[in-house]
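Here is the structure we will look at, set down as structure tokens.
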Amino acid sequence: MVVTRRKAAALVLVAMATLGAGSAPATAGAPGATAAVSGPGVVPGPGPGIAVAPEADVSHHGHVLLWGSGLGVWMRSENRGPSNLADVTVRVRTSVPLVGRQEIPENCMQTGRQTVLCRTGELRADGAEEVRRRQFAFELQLTGKPDEVVVRIDTLWNGGATDRNPRNNDHEVLAPATGDEYVF
């Protein structure tokens, strides 16, 4: 199997993300080099010295509701495997800017005027419910009193795993200001 510079660079990035910065082989940038990667979460690939990213099926489901300037977000993130994940970052973006700094759970952080990131921690594929799933609930304060807001929920980071079913973790929800729950 021939590994091009682009493929080798991609493999090094996967290795660095999986094993931590500084763990990539010193020859990874050399022309014609292959990336030899080993460690937790890295599965032997199709040929010697080639690694394949682990595979997992992350999903996010829940509901949002809009009333006045408040936007409620309830979601459950889970991993249906086959690989365990050390951490997942869920991104929640709103079409209407947020008012100042928000009061959100400690495992979440506001990263801009319209974005909140939440860290799930470990999501095991075969673990007990409390390790396989993480739940979040918070209220965001929006600028003004919009008639509607579009909420986008997606996986920003999943530890470098391949997810062949992104339809269950990438959502876009239109929430009119009715106070009703809109499910994703």
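The values are calculated or read from the model by the stated rules, or taken from the named source; none is laboratory data. Every value quoted in this text rests on a predicted model; they were computed, and no experiment measured them. Please note: Cβ atoms are built from the backbone with ideal geometry, for glycine as well, and neighbour counts cover all protein chains shown. We work out accessible area using only protein heavy atoms, side chains counted, and drop any ligands, DNA or RNA first. Shrake-Rupley method; radii C 1.70, N 1.55, O 1.52, S 1.80 Å.
Quick look at the values:
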read-out: Test: residue in the range 144-154 that is free of Cβ contacts under 8 Å to residues at least 40 places away in the same chain and not basic (Lys, Arg); value: yes
read-out: Failed item in (1) over 28 Å from Val173 (Cα atoms); (2) modelled with pLDDT of 95 or more, with Thr89 passing the rest; value: (1)
read-out: Cross-chain or 6+ apart pairs with Cβ under 6 Å, the range 131-142 first and under 14 Å from Ser59 (Cβ atoms), then open to solvent by 60 Å² or more (accessible area, probe 1.4 Å) and of a type in the set (D, E, K, R); value: Arg132/Arg124; Arg133/Arg76; Gln135/Arg76
read-out: Residues of the range 50-88 that turn out to be under 14 Å from the mean Cα position of the chain (by Cα) and under 20 Å from Pro105 (Cβ atoms), as a count; value: 13
read-out: Selected residue (criterion: most open to solvent (accessible area, probe 1.4 Å)) from residues of the range 90-109 that are over 16 Å from Leu142 (Cβ atoms) and part of a strand (DSSP E or B); value: Met109
read-out: Sole exception among (1) over 14 Å from Val90 (Cβ atoms); (2) open to solvent by less than 50 Å² (accessible area, probe 1.4 Å); (3) modelled with pLDDT of 95 or more for Tyr182, by number; value: (2)
read-out: Failed criterion for Asp87 (all others in (1) surrounded by fewer than 19 Cβ atoms within 10 Å (Cβ to Cβ); (2) outside any loop (DSSP other than H, G, I, E, B); (3) in contact (Cβ under 8 Å) with a residue 60 or more places away in the chain hold); value: (2)
read-out: From Gly144, Gly127, Gly160, Gly112, residue being surrounded by fewer than 15 Cβ atoms within 10 Å (Cβ to Cβ), assigned to a loop (DSSP other than H, G, I, E, B), at pLDDT below 95 and not acidic (Asp, Glu); value: Gly127
read-out: Of the criteria (1) closer than 21 Å to Val88 by Cα; (2) in a strand (DSSP E or B); (3) without any contact (Cβ under 8 Å) to a residue 40 or more places away in the chain; (4) open to solvent by 70 Å² or more (accessible area, probe 1.4 Å), which one Leu117 fails; value: (4)
read-out: Qualifying residue in the range 58-69 (condition: closer than 21 Å to His171 by Cβ, open to solvent by less than 10 Å² (accessible area, probe 1.4 Å), out of contact with any helix residue (DSSP H, G or I) (no Cβ under 9 Å at 6 or more places or on another chain) and not small (Gly, Ala, Ser)); value: yes
read-out: Among (1) farther than 24 Å from Asp163 by Cβ; (2) of a type outside the set (A, V, I, L, M); (3) surrounded by fewer than 16 Cβ atoms within 10 Å (Cβ to Cβ) - the single one Gly72 does not satisfy; value: (3)
